[in-house]
Number of protein chains: 2
Amino acid sequence: SHFRVWIINAEKSEFNEDQAACGKLCIRRCEFGVEEDQEWLSLCPGEFLTGHYWALFDGHGGPAAAILAANTLHSCLRRQLEAVVEGLVATQPPMHLSGCCVCTSDPQFVEEKGIRTEDLVIGALENAFQECDDVIGRELEASGQVGGCTALVAVSLQGKLYVANAGDSRAILVRRDEIRPLSSELTPETERQRIQQLAFVYPELLAGEFTRLEFPRRLKGDDLGQKVLFRDHHMNGWSYKRVEKPDLKYPLIHGQGRQARLLGTLAVSRGLGDHQLRVLDTNIQLKPFLLSVPQVTVLDMDQLTLQEEDVVVMATDGLWDVLSNEQVARLVRSFLPGNREDPHRFSELAKMLIHSTQGKDSATGDGQVSYDDVSVFVIPLFSQGRADRGH
Amino acid sequence: SHFRVWIINAEKSEFNEDQAACGKLCIRRCEFGVEEDQEWLSLCPGEFLTGHYWALFDGHGGPAAAILAANTLHSCLRRQLEAVVEGLVATQPPMHLSGCCVCTSDPQFVEEKGIRTEDLVIGALENAFQECDDVIGRELEASGQVGGCTALVAVSLQGKLYVANAGDSRAILVRRDEIRPLSSELTPETERQRIQQLAFVYPELLAGEFTRLEFPRRLKGDDLGQKVLFRDHHMNGWSYKRVEKPDLKYPLIHGQGRQARLLGTLAVSRGLGDHQLRVLDTNIQLKPFLLSVPQVTVLDMDQLTLQEEDVVVMATDGLWDVLSNEQVARLVRSFLPGNREDPHRFSELAKMLIHSTQGKDSATGDGQVSYDDVSVFVIPLFSQGRADRGH
């Protein structure tokens, strides 16, 4: 396949904690009807809505959650899409699925709310992530395993590319004269207000061991009674407060950038799994602060006038720790034109990007080395835009 | 003054529910010190940091809250700014106010967090709105009055213009070749997920009378058992669910655009007051769903190369209901150049904008009429950029 994933195990853990999955997404079209108060459903064999699916999972606390996610999420998504397929093939989602409108003004209300077909795919992705998280929770408990993972998913369907992200992986669009981020990182730092807000509403989640407030650095005994910079859940700005004893506790969110940690434990604030995860030597659970629901962005490929070398680069944080979006784009743009004859050039490009994180390629200039697992998908959009437009 | 506000009472209620305030903001600089474990504070008479303040309050349920806000918010803000004034006049806010750093690496942590002087002003605005809301709550209770109001505040300080918004008023920057929104409306529609989330966490807030879910229209008995479009707090997209009896309840958020209502009662989701407000004939309180904290945007006037006719237009929803940003910009650009000799031209422009909502001016093309109260400030930035830069 053109879409082989390249994964490298940095050997920071015994098993590779990065997992990947990709493949064709076949969504069966069903026919519904109502007969004598009995609803019936008949599959139309051979009638499919087809798309493509790519997914990266970056595990932590062991590979179990990432492996389960790689084996499960695509079926959750297929099921969610099949449940709304009638709406997907309509020009506008109908108010009522598998039935006529109850009210003659129904289409007008759907119109006023601005509900489009793509909203059903976004909803299906949101629900699939949640369903998959439930499955992982049950499976881990049943098998006595632990762990969690981030999830970054791209789906090409009906001429659109959907990117769903829960965690700190990243997808970018690289074109000849454009670099467009298709996801943003969801970490304790970027989701500070949501997390502080929850601790404000449920202070018992911190069990008296952590402070909800953010300070520029961890406070010490010396700071007692002084006025120091701080911010609370309702603030985007900063203010000063006089330090009291509870402020000396370990902060709910601590550290900057890559080093930011939730409850001293996790570097991400969204993902799948972690149902059993607790702060070391305490009963404090991480899960209430984590969301499994992804942020979804939509790229309308039909609007783009795609060129043959327009690609989406999806990768786990191991790549983005050492290469910026601009550096990746430079590598893409220098690699592809010289390899036009190679049928495996997109796959080779993914391999080359991985190698660039190992100090093996001088193209990065500074030869930085990633000590994390790294996984990369390169998705050529030109063929996608054509392949998954129809139904 | 150049900054007179123009307010018109639409007589939809006995009193004008729009209120305005503006004036110079004088922030005293204090000197702090510590002497034998006693902190002392001495005012430096004559030493001021000065800025300008403009505020619009759109009341509902009577004018009491709007009047209190117009009389109170500027002093809350002055107090909040005076409490951090040492940080405001520093090139970077210090970790410790009124004292030396406890730890030699303190400035580095402030640097890493990217905390700037403007973050202190944002924090002061956020805290001032909350403080003012508390004052209004106490005053209304003590005097047996009721009501609430939106608040839109602009502050010019140290070469920057801060716009803080809680509600559905709006401020825009109009320049010769640019229109830039400086606020966004905070309504039950734009804050749907936050509001649904709260009802998910605290279902008792709905007292079994409302449904948290959003549907394209209110459901009826006919819809029972059918699959209809819906979305819940975690969803940006839409999905289908089978209608059950509780789904027929009145929705937590109902209606589209201007007609959207929170609990069938309020058109805004942020503002001051409303501490006693309940859904008609029930004990269901609105206040838990309302935020008093504003969204703040910052305009760096020094970065703009200001022209003499660059203005900020602030107005309550009565103006924006009938005039788009583009229509207002067109009126501004056609009015100012022809009135260069008039020392009151900015004030006259505000008056003209108000008249345009009364069908008295043909410039709007369609001569739409606003039946709401309308208040407009026109702030000429050219002089501001100069006036409030120093300290």
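When the other protein chains are added to the chain by itself, burial of at least 20 square angstrom of heavy-atom accessible area (probe 1.4 Å, ligands and nucleic acids ignored) affects these residues of segment B:77-117: B:Val84, B:Met95, B:His96, B:Leu97, B:Val102, B:Cys103, B:Phe109, B:Glu112, B:Lys113, B:Ile115. Per-atom-type breakdown for chain B gives carbon and sulfur 48% of the accessible area (1.4 Å probe, protein chains only).
Summary value for chain A: 21 percent relative contact order, contacts being C-alpha pairs under 8 angstrom separated by 6+ residues.
Determine the calculated [θ] at 222 nm for the protein assembly as shown from helices alone, applying -39500 (n - 2.57) to every DSSP H run no shorter than 4 residues and normalising by the residue count; nearest 500 deg cm²/dmol. Estimated from H runs of four or more residues: -8000 deg cm²/dmol. Taking amide H positions as modeled 1.01 Å from N, with prolines and chain starts lacking one, no residue 5 or more places away or on another chain lies under 5 Å from A:Leu266. Across chain A the C-alpha pair distances fall into 10 Å bins from zero in the proportions 5, 20, 27, 24, 16, 7, 2, 0 percent. The coefficient of translational diffusion for the protein assembly as shown, derived via Stokes-Einstein from the alpha carbon Kirkwood radius under 10 °C and 1.306 mPa s, stands at 54 µm²/s.
Structure note, pairs B:Lys220/B:Lys287; A:Lys227/A:Lys287; A:Lys287/A:Lys351; A:Lys113/B:Lys113: Cα-Cα distances above 31 angstrom occur for A:Lys227/A:Lys287; A:Lys287/A:Lys351; A:Lys113/B:Lys113. If the segment from B:Tyr202 to B:Arg28 were pulled out straight at 0.36 nm per residue, it would be longer than the present Cα-Cα gap by 58.3 nm.
Rounding to the nearest 10 and keeping the result within 0 to 90°, find how far the Cα-based axis of helix B:325-335 lies from the longest principal axis of chain B. For B:325-335 against chain B, the angle is about 50 degrees.
Reducing segment B:247-272 and segment A:99-158 to their Cα centroids gives an inter-centroid distance of 25 Å. Only the Cβ atoms of Lys and Arg (+1) and of Asp and Glu (-1) were treated as charged; on that basis the dipole of the protein assembly as shown about its Cα centre amounts to roughly 560 debye.
Using a Gaussian network model of chain A with C-alpha springs under 10 Å, which one of A:Leu331, A:Leu152, A:Leu81 is most mobile by mean-square fluctuation? Sorting by GNM fluctuation, first place goes to A:Leu331. Using θ = phi - 60° in the Karplus curve 6.51 cos²θ - 1.76 cosθ + 1.60, the 3J(HN,Hα) couplings for segment A:273-281 round to x, 6, 4, 9, 5, 10, 4, 2, 6 Hz; x is entered for Gly and Pro. Charged neighbours of A:Arg192, selected by a Cβ distance under 14 Å, balance to 0 (K, R count +1; D, E count -1). The HN-Hα couplings worked out from phi for segment A:179-189 by the Karplus form 6.51 cos²θ - 1.76 cosθ + 1.60 (θ = phi - 60°) are 10, 10, x, 10, 8, 10, 6, 10, 10, x, 6 Hz, whole numbers, x standing for Gly and Pro. Each Lys and Arg contributes +1 and each Asp and Glu -1, all at the Cβ; summed about the Cα centre of chain B, the dipole is approximately 1260 debye. Angle between the Cα long axis of helix A:192-201 and the longest principal axis of chain A, 0 to 90 degrees, nearest 10? With rounding to tens, the tilt is 70 degrees. Of the residues A:Glu139, A:Glu309, A:Glu178, the one that moves most in a GNM of chain A with alpha-carbon contacts below 10 Å is A:Glu178.
Quarter the surface of the alpha carbon convex hull of segment B:104-160 and you get the mean projected area, 6.2 square nanometres.
Taking a straight line from the alpha carbon of A:Lys160, these lysines sit under 16 Å away, with near neighbours fewer than eight places off in the same chain left out: A:Lys24. The interface between chain A and chain B buries about 4500 Å² of solvent-accessible area in total (1.4 Å probe, ligands and nucleic acids excluded). Label-point spacing at A:Pro246 relative to the other copies reads 3.3 nm, in ascending order, each point sitting 7 Å out from Cα along Cα→Cβ. Residues whose amide H comes within less than 5 Å of that of B:Thr211, counting only those at least five positions distant or on another chain, are B:Tyr250, B:Leu252 (H built at 1.01 Å from N in the peptide plane).
Result for chain B in a Gaussian network model with C-alpha springs under 10 Å: among B:Met95, B:Met235, B:Met352, the largest mean-square fluctuation is at B:Met235. Here's how it looks for B:His96: its modeled amide H is under 5 Å from none belonging to a residue 5 or more places away or on a different chain. Rolling a 1.4 Å probe over the heavy atoms of the protein chains gives chain A an accessible area of 43 Å² per residue. Charge tally around A:Glu204: other residues with Cβ under 15 Å, Lys/Arg +1 each, Asp/Glu -1 each, net +3.
Between this copy and the others, label points of A:Phe200 are 1.8 nm apart in ascending order, each placed 7 angstrom from Cα in the Cβ direction. Measuring from each Cβ of chain B to the axis that turns chain B onto chain A, the shortest distance belongs to B:Val201, 3 (residue, then whole Å).
For A:Leu280, the point set 7 Å out from Cα toward Cβ sits 6.0 nm from its twins in the other copies, listed from shortest up. Phi-derived couplings, Karplus 6.51 cos²θ - 1.76 cosθ + 1.60 at θ = phi - 60°, listed residue by residue for segment B:114-125: x, 7, 10, 4, 5, 5, 6, 5, 4, x, 5, 5 Hz, with x used for Gly and Pro.
The values are calculated or read from the model by the stated rules, or taken from the named source; none is laboratory data. Not measured: the values here are computed from a predicted model. Neighbour counts are summed over all protein chains in view; Cβ atoms, including those assigned to glycine, are modelled from backbone coordinates with ideal geometry. Please note that ligands, DNA and RNA were not included when accessible areas were found on the heavy atoms of the full protein model with its side chains. Shrake-Rupley method; radii C 1.70, N 1.55, O 1.52, S 1.80 Å.
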